[in-house]
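Sharing a structure, written as structure tokens. Questions coming.
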Amino acid sequence: MTPEELAAARDRILEDVIADGLSVLFCGINPGLMSAFTGHHFARPGNRFWPALHASGFTPRRFAPGEQREMLTLGLGITNVVGRATARADELSPRELVEGGRRLTAKVERYRPAWLAVLGVTAYRVAFAEKRAQVGPQDTVIGGTRVWVLPSPSGLNAHWTPTQLAAEFARLRAAASDDAPLPHGHDELER
């Protein structure tokens, strides 16, 4: 791939890996240029999504980005808050994130995963107007779907080590495998 080919991937839309009734729908902020070029989510070699997914026990082995559709057999899927590809997530406007949050809400209501895992707390705060959100389970519920915010797996996110990232993914995996009803006090998202 040449720099020109990579640059030409800007603004492309990446197809979701999604089906009805998933256990967890992982939601990136938006596709990077490498992902848009290859057609595979989290395709940049420095992205820590695939290693964290495996290290946390979600997958039996480390998947390559080109194997993303195999996630469906495990009850897992992938989408994005904003569909268009950029070199960096900070190229997105707040308006795009808010509109992406509305589209994501409709998508979650349509496909009804048990959990929505948004990968990036800053993007989640803007997209869902939750200024105080922190990494972890959220009080917000979309339809019957519970929401968990994970740290961004981007290599640019130096605040979380690979070990810490995998541990947070593992917390979600444990919650997703628990069939307990929602804790008291969780509120339905009104959108």
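Return the pairs, sorted by first residue and then second, in which the second residue is in a loop (DSSP other than H, G, I, E, B), the first residue lies in the stretch 46-74 and is aromatic (Phe, Trp, Tyr), the beta carbons are less than 8 Å apart, and the residues are 6+ apart or on different chains.
Within 8 Å, the pairs are Phe49/His41; Phe49/Phe42; Phe49/Pro153; Trp50/Phe42; Trp50/Arg62; Trp50/Phe63; Trp50/Ala64.
Quick one: in the stretch 33-45, of everything that is in contact (Cβ under 8 Å) with a residue 24 or more places away in the chain and of a type in the set (Gly, Ala, Ser), which residue is most open to solvent (accessible area, probe 1.4 Å)?
So the residue we want is Gly39.
Follow-up question, since we're still on this one. Inside the stretch 143-174, can you point out the residues that are in a helix (DSSP H, G or I) and β-branched (Val, Ile, Thr)?
Selection gives Thr163 alone.
From the list Arg146, Arg103, pick out the single residue that is charged (D, E, K, R), surrounded by 13 or more Cβ atoms within 10 Å (Cβ to Cβ), at pLDDT 95 or above and over 30 Å from Ala8 (Cα atoms).
Arg146
Have a look at Arg88, Arg61 and point out the one that is open to solvent by 10 Å² or more (accessible area, probe 1.4 Å), under 22 Å from Ala9 (Cα atoms) and among the basic types (Lys, Arg).
Arg88
Let me ask something additional. In contact with a Ser or Thr (Cβ under 7 Å, 6 or more places away or on another chain), among the aromatic types (Phe, Trp, Tyr) and at pLDDT 95 or above: is that true of Trp50 in this structure?
no
When you scan the stretch 149-185, how many residues do you find that are of a type in the set (A, V, I, L, M, F, W, C), open to solvent by 80 Å² or more (accessible area, probe 1.4 Å) and either at pLDDT 95 or above or in contact with a Lys or Arg (Cβ under 9 Å, 6 or more places away or on another chain) (or both)?
Result for the stretch 149-185: 1.
Hey, another quick one. Can you tell me how many residues within the stretch 10-32 are over 22 Å from Ser177 (Cβ atoms) and assigned to a loop (DSSP other than H, G, I, E, B)?
Residues that pass the stated criteria total 9.
Would you pick out the residues in the stretch 33-58 that are touching a helix residue (DSSP H, G or I) at 6+ places or on another chain (Cβ under 7 Å), part of a helix (DSSP H, G or I) and farther than 20 Å from Ile13 by Cα?
Selection gives Trp50, Pro51, Ala52, Leu53, Ala55.
Okay, next question. Looking for something within 16 Å of Pro153 (Cα to Cα) and among the polar types (S, T, N, Q) - is there at least one such residue anywhere in the stretch 10-30?
There is at least one residue in the stretch 10-30 that is within 16 Å of Pro153 (Cα to Cα) and among the polar types (S, T, N, Q).
In the stretch 5-32, which residue that is open to solvent by 60 Å² or more (accessible area, probe 1.4 Å) and acidic (Asp, Glu) is nearest to Glu91 (Cα to Cα)?
Filtering the stretch 5-32 for residues that are open to solvent by 60 Å² or more (accessible area, probe 1.4 Å) and acidic (Asp, Glu), the one nearest to Glu91 (Cα to Cα) comes out as Asp11.
Considering only residues that are of a type in the set (Val, Ile, Thr), at pLDDT 95 or above and out of contact with any Pro (no Cβ under 7 Å at 6 or more places or on another chain), look in the stretch 123-143 and name the one that is surrounded by the fewest Cβ atoms within 10 Å (Cβ to Cβ).
Val141
Further, regarding this structure: Which pairs turn up if I take residues in the stretch 11-32 that are farther than 13 Å from Gly83 by Cβ and look for partners that are of a type in the set (D, E, K, R) and in a loop (DSSP other than H, G, I, E, B) with beta carbon separation below 9 Å, at least 6 apart in sequence or on another chain?
Going by the 9 Å Cβ cut-off, the qualifying pairs are Asp20/Arg112; Gly21/Arg112; Leu22/Arg112; Leu25/Asp16.
The values are calculated or read from the model by the stated rules, or taken from the named source; none is laboratory data. Computed from a prediction, not measured in an experiment: that's the story for all the values here. Please note: Cβ atoms are built from the backbone with ideal geometry, for glycine as well, and neighbour counts cover all protein chains shown. Each accessible area value is taken on the protein alone, full model and side chains, heavy atoms only, with ligands, DNA and RNA left out. Shrake-Rupley method; radii C 1.70, N 1.55, O 1.52, S 1.80 Å.
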